[in-house]
1. Where residues in the range 1-23 are over 16 Å from Val273 (Cβ atoms) and out of contact with any helix residue (DSSP H, G or I) (no Cβ under 9 Å at 6 or more places or on another chain), which of them is surrounded by the most Cβ atoms within 10 Å (Cβ to Cβ)?
2. For the range 153-196, name all the residues that are touching a strand residue (DSSP E or B) at 6+ places or on another chain (Cβ under 6 Å) and either of a type in the set (A, V, I, L, M) or within 16 Å of Ile233 (Cβ to Cβ) (or both).
3. Checking Glu250 against (1) of a type outside the set (Lys, Arg); (2) in contact (Cβ under 8 Å) with a residue 24 or more places away in the chain; (3) within 24 Å of Asp154 (Cα to Cα); (4) not in a helix (DSSP H, G or I), only one condition comes out false. Which one?
4. Considering only residues that are at pLDDT below 95, of a type outside the set (A, V, I, L, M, F, W, C) and under 25 Å from the mean Cα position of the chain (by Cα), which ones fall in the range 177-205?
5. Would you mind stating whether Val143 is within 30 Å of Phe193 (Cβ to Cβ), buried (at least 17 other Cβ atoms within 10 Å of the Cβ), of a type outside the set (Phe, Trp, Tyr) and within 18 Å of the chain's Cα centre (by Cα)?
6. Read through the list (1) touching a Ser or Thr at 6+ places or on another chain (Cβ under 8 Å); (2) farther than 23 Å from Asn101 by Cβ; (3) in a helix (DSSP H, G or I), then give the number of the only condition that Ile233 fails.
7. With a cut-off of at least 2 residues that are of a type in the set (D, E, K, R), name the strands (runs of 3 or more DSSP E) lying wholly within the range 70-167.
Amino acid sequence: MYDIIIIGAGPAGMTAAIYASQARKKILILEKSVYGGQIVNADKVKNYPGFEEISGYEYANKLYNQVKTFNPDFKFEEVVEIKNNNEFKEVITNKNSYKSNSIIIATGAKNRKLGLPNEDKLIGKGVSYCSTCDGIFFKDKKVAITGGGNNAIDDALYLSDIANKVYLIYRQKDFKIDSLNLEKLKERNNVEFILNSNITELIGNEKLENIVVKDNDTGIENRLDVEGIFIAIGHIPLSSMCKNLVKINELGYIIADENCNTNIEGIFAAGDVRIKPVRQLTTACGDGTVAAINACKYLNKKTIEITQ
């Protein structure tokens with residue numbers, strides 16, 4: 001029986017592990033693939049306090065090694081279901097079943113991709129899913145952004161202050177949102193709207209060199225010389241293992257408050273998997289801290305109730 005099972009070994013999960021370990025709780029960390037989460041794909045991180053510049057891979061390794069100094073149980077298994085029993089919680093993986101008094105879900109979210117052949121190869125080499133993370137690397141350069149939601153508009157406005165030229169590419173003829181930033185964006189001289197179009201090809205070997213954009217009506221393809229493309233077509237939260245237990249919204253994000261509490265007592269959600277307005281490395285670590293502290297408070301309260 002564990003005190004806390006942490007599902008996910010990204011920044012939120014590993015930060016939670018540090019705080020829970022310092023509180024001398026018996027913990028198990030479950031990760032289905034590799035530790036570090038999405039940050040491992042970042043070529044450079046320049047907005048994390050304490051590091052002037054660090055690669056995402058190096059940061060993930062430092063965090064992992066820090067966690068390992070506490071000697072937690074760490075298993076690479078995929079969680080397929082979570083159950084809430086009367087006296088304990090149960091986490092079922094593709095290999096085993098584990099019991100715990102509390103759970104922190106920190107599974108994160110994966111970027112919704114364009115699905116183009118060269119996309120994965122060029123991540124961190126011109127292809128990005130986070131303008132606030134990587135925008136600074138494209139100062140005074142030509143970039144493109146694809147998407148038509150509020151995030152895409154906000155990202156394009158942000159990039160227009162950094163890049164020399166910004167192409168905003170959207171598959172529809174008109175935007176379906178009511179955004180003040182959209183009106184501001186239309187006033188920027190360095191922003192060009194390419195509507196009713198889709199990106200069909202990402203060209204480059206060691207880095208992105210240009211993209212191919214196809215007009216949906218005419219079928220005509222044009223090549224744009226850009227050094228970066230920011231894909232802002234949404235995320236897919238990794239919450240399938242708990243969708244029949246905790247409350248999630250229509251997009252699949254776990255509904256949790258600022259204390260990371262879900263609707264099930266003793267089950268917490270931290271990081272990009274929960275509903276939140278800002279998804280950054282710093283906020284993920286913050287969530288991990290909050291979730292771990294509140295999980296420990298829950299366990300301490302439960303212990304007192306049992307002994308009374």
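1. Selected residue: Tyr2.
2. Asp155, Ala156, Leu159, Ala163, Val166, Tyr167, Leu168, Ile169, Arg171, Leu185, Val191, Ile194
3. Condition not satisfied by Glu250: (2).
4. Across the range 177-205, the qualifying residues are Ser179, Asn181.
5. For Val143, the condition - within 30 Å of Phe193 (Cβ to Cβ), buried (at least 17 other Cβ atoms within 10 Å of the Cβ), of a type outside the set (Phe, Trp, Tyr) and within 18 Å of the chain's Cα centre (by Cα) - is not met.
6. Only one criterion is unmet by Ile233, namely (3).
7. Answer list for the range 70-167: 73-75, 79-84, 89-93.
The values are calculated or read from the model by the stated rules, or taken from the named source; none is laboratory data. Remember, it's a predicted structure, so these values are computed and weren't measured experimentally. Backbone-built Cβ (ideal geometry, glycine too); neighbour counts: all protein chains shown.
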